[in-house]
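Inspection log for the structure reproduced underneath, given as structure tokens.
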Amino acid sequence: MIIGYARVSTKAQNTDMQVDALKRYGCDKIYTEKEHGTVINRSQFAKALEQVSAGDTFVVYDIRRLGRTIKQLVNIIERFRNDGINLISLKDGIDTSNTQGRFLVYVICAMAEMEREVIVERTRNGLEAARARGRRGGRPPVPKDIQKRVVELYKTGMFSCVDVAKTCGIGRTTLYYYLRKEGVLKTPSEKDDK
């Protein structure tokens, strides 16, 4: 049997291109999901793994569809090897039925993890450099006059939280934050949202 697996990381992305490539390869069954690669318990991936057995082939468009850490990838590849399952990665030209294919998998896994770590490190360094220059991440704080107006409007009892938020041009979460900060609202209730 030839089992295909396609994955994208976000709901906004789609698996169409991967699925088309897997169909062209001749997969008997294709499993798809939208889940980040670092997530260990992926439901469709688990179902795909249940379907493969000794002598079968597991096909992905690219090796990173299996996972994002070297540990994840090595564990999956070792499992396939121990169970007599061949792994094929179309984009990378990997076929683990031979020694060169297995070696190439480990090299690509190491490079993928290094790339991910470099991105994390650059992001961290960028944030530190911005902080050193006095810049903070996140949204700017709501001006004090608007914070005061939020509390005043809500205290009148004439406006719901939704009305106050719209009037002041802020989101409800921000509104609740300032109302709680001033001790006016303990927890948002159903009636506050109406």
**OP:** Just need a number here: residues in segment 47-82 that are part of a loop (DSSP other than H, G, I, E, B), small (Gly, Ala, Ser) and either open to solvent by less than 10 Å² (accessible area, probe 1.4 Å) or modelled with pLDDT under 85 (or both).
**Re:** 1
Original post:
Any residue in segment 114-129 that is at pLDDT 85 or above and in contact with a strand residue (DSSP E or B) (Cβ under 7 Å, 6 or more places away or on another chain)?
Top reply: no
Original post:
Quick one: which helices (runs of 4 or more DSSP H) sit completely within segment 83-194 and have at least 1 residues that are acidic (Asp, Glu)?
Top reply: 99-132, 144-155, 161-168, 190-193
Subject >> Hits in segment 121-162 (condition: of a type in the set (Gly, Ala, Ser) and under 13 Å from residue 182 (Cβ atoms)) >> reply: none
**OP:** Please find, within segment 164-190, the residue that is modelled with the highest pLDDT out of those that are open to solvent by 70 Å² or more (accessible area, probe 1.4 Å), touching a helix residue (DSSP H, G or I) at 6+ places or on another chain (Cβ under 9 Å) and over 20 Å from residue 139 (Cβ atoms).
**Re:** 186
Original post:
In the set 30, 40, which member is hydrophobic (A, V, I, L, M, F, W, C) and in a strand (DSSP E or B)?
Top reply: 30
Original post:
Can you find a residue in segment 105-121 that is surrounded by 17 or more Cβ atoms within 10 Å (Cβ to Cβ) and more than 31 Å from the chain's Cα centre (by Cα)?
Top reply: no
Original post:
When the residues of segment 1-54 are filtered to those that are without any contact (Cβ under 8 Å) to a residue 12 or more places away in the chain and closer than 18 Å to residue 92 by Cβ, which remaining residue is nearest to the chain's Cα centre (by Cα)?
Top reply: 20
**OP:** State whether the residues of segment 133-140 include one that is at pLDDT below 85, closer than 30 Å to residue 170 by Cβ and surrounded by 10 or more Cβ atoms within 10 Å (Cβ to Cβ).
**Re:** yes
**OP:** Mind telling me which of the residues 70, 76, 63, 94 ends up being closer than 24 Å to residue 17 by Cα, in contact (Cβ under 8 Å) with a residue 40 or more places away in the chain and within 29 Å of the chain's Cα centre (by Cα)?
**Re:** 63
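The values are calculated or read from the model by the stated rules, or taken from the named source; none is laboratory data. Predicted model only: the values in this text are computed from it and were never measured. Every residue, glycine among them, receives a Cβ derived from its backbone with ideal geometry; neighbour counts consider all protein chains shown. Just so you know, the surface numbers come from the protein's heavy atoms only, side chains and all, with ligands and any DNA or RNA stripped out. Shrake-Rupley method; radii C 1.70, N 1.55, O 1.52, S 1.80 Å.
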